[in-house]
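Okay, so here's the structure we're looking at.
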There are 2 protein chains.
Amino acid sequence: MNSIKIREAESTDMDAVHRLIVELARFEESEASVKTSPRTLQQDGYNGSARFKCWVAKNKDEIVGMAFVYPRYSTWVGPVLHLEDLIVTESNRGLGIGGLLLDEVVKYGHSIGVKRISWEVLDWGVKRISWEVLDWNEPAIKFYEERGARVMRDWDVVQLDEMGIKKYLERL
Amino acid sequence: MNSIKIREAESTDMDAVHRLIVELARFEESEASVKTSPRTLQQDGYNGSARFKCWVAKNKDEIVGMAFVYPRYSTWVGPVLHLEDLIVTESNRGLGIGGLLLDEVVKYGHSIGVKRISWEVLDWGVKRISWEVLDWNEPAIKFYEERGARVMRDWDVVQLDEMGIKKYLERL
């Protein structure tokens, strides 16, 4: 484990981060669904817009894992943090890298200040970190549940994709 | 249907919007989980921070429904829109109000510009609108699927709540 270092990702890491995204998509037989590129990740994360925050795990000099988050907003608890991706390259599984990355995410979620003016207390830390998991991915579910997360098996994800949006609007 | 009007919510609508949030939470036997207030919604949505966008449905002079969205970021397709809540008060169900609210959300998702500098095309409209649904809520699932949305029953929602974050950090 000594050779593993976690740090915040920089713009120049987006090539390696994108490779991890594509590796996972290929595993899910969805490589063609990846429309982003290292360049769009750089634009959306680092060129003024900062739509997400990312950490990378380095094993010696190679980036072998990443965690990717952004804020969401719950009508029940207010600002929350969403973990979009937690990826460790196949050759580096079982070394505890996913856990180290998740540690950073939880520490970050706890540390960010959500200042409320004229509110009774200054409220630090999001009240929830959320993510999504495939219901047949038992190792991942075990990993998350061991760390205190609740897998809400009765909530499903719904998506209206680009073609769906187009067709929806044609019917109006 | 003539008496139903949909419009963007204003800061002063947050009392009514919060009542709808609480009504749904009560239906899900989770009223105590609602930690937001009309005041925090005003602060987070209208006092400079704009963490979300909201529409309300009015029946005559009363707010009877709302849709509540914010941006997310997909590592596959880039910026996407998330529908956090779509609520119609019980006495006004079956009038088509949910459909009218969803229409606004989809039109908005299609219209917002996601400008990419030095990208081949100027890309307008998000590539996806996502939300979550309870897997036993068959009327809602039917409503969404009829409109072209895909209910991904193999993806579950995972949450680490405030107490979970605290306990997680204590174990580090």
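What aspartates and glutamates could a cross-link reach from B:K107, if we take a straight Cα to Cα line under 14 Å and drop same-chain neighbours fewer than 8 places away?
A:D161, A:E162, A:E170, B:E8
Give, rounded to the nearest 20 debye, the magnitude of the charge dipole that the protein assembly as shown has about its Cα centre when Lys and Arg contribute +1 at Cβ and Asp and Glu contribute -1 at Cβ.
Working: 48 positive and 56 negative charges, 163 e Å.
Roughly 780 debye for the protein assembly as shown.
Taking Cα centroids, how far is region B:16-67 from region A:121-172 in Å?
If you average the Cα positions of each part, the centres end up 21 Å apart.
If you take the Cα Rg of the protein assembly as shown and divide it by 2.2 N^0.38 Å, with N the number of residues, what do you get? Write down the numbers at each step before the final one.
Numbers: Rg = 20.3 Å, N = 344, 2.2 N^0.38 = 20.2 Å.
My calculation over the Cα atoms of the protein assembly as shown gives 1.00.
Can you list which of the trypsin sites (Lys or Arg not before Pro) found in region A:1-84 are DSSP loop residues with at most 15 other C-beta atoms within 10 Å?
Listed in order of number, the matching sites are A:K35, A:K60.
Quick one: with label points 7 Å out along Cα→Cβ, list the inter-copy distances for A:R150 in nm, shortest first?
2.9
Could you work out the percent of alpha carbon pairs in chain A separated by over 26 Å, rounded to a whole number?
Every Cα pair in chain A considered, those over 26 Å come to 37 percent.
Could you point to the residue in B:P139, B:S33, B:I63 farthest towards the positive end of chain B's charge dipole, with +1 and -1 charges on the Cβ of Lys/Arg and Asp/Glu respectively?
About the Cα centre, the residue reaching furthest to the positive side is B:I63.
List the distances, in nm and shortest first, from the label point of B:N47 to the matching label points in every other copy, placing each point 7 Å from Cα along the Cα-to-Cβ direction.
In nanometres, ordered from closest: 3.5.
Which GluC sites (Glu not before Pro) in region A:11-87 sit in a loop by DSSP (not H, G, I, E or B) and have at most 16 other Cβ atoms within 10 Å of their own Cβ?
Passing both the DSSP loop test and the Cβ count: A:E28, A:E29.
What nm distances, shortest first, do you get from the label point of A:D135 to those in the other copies when the point sits 7 angstrom along Cα to Cβ?
Label-point separations across copies, in nm and ascending: 0.1.
Give me P(r) over region B:2-48, computed from all C-alpha to C-alpha distances, binned every 10 Å, as integer percentages.
25, 44, 27, 4
Each reported figure results from applying straightforward, stated rules to the coordinates on display, with no laboratory input. Please read these numbers as outputs of a predicted model, since none were measured by experiment. Using ideal geometry, Cβ is built from the backbone for each residue, glycine included, and neighbour counts are taken over all protein chains shown.
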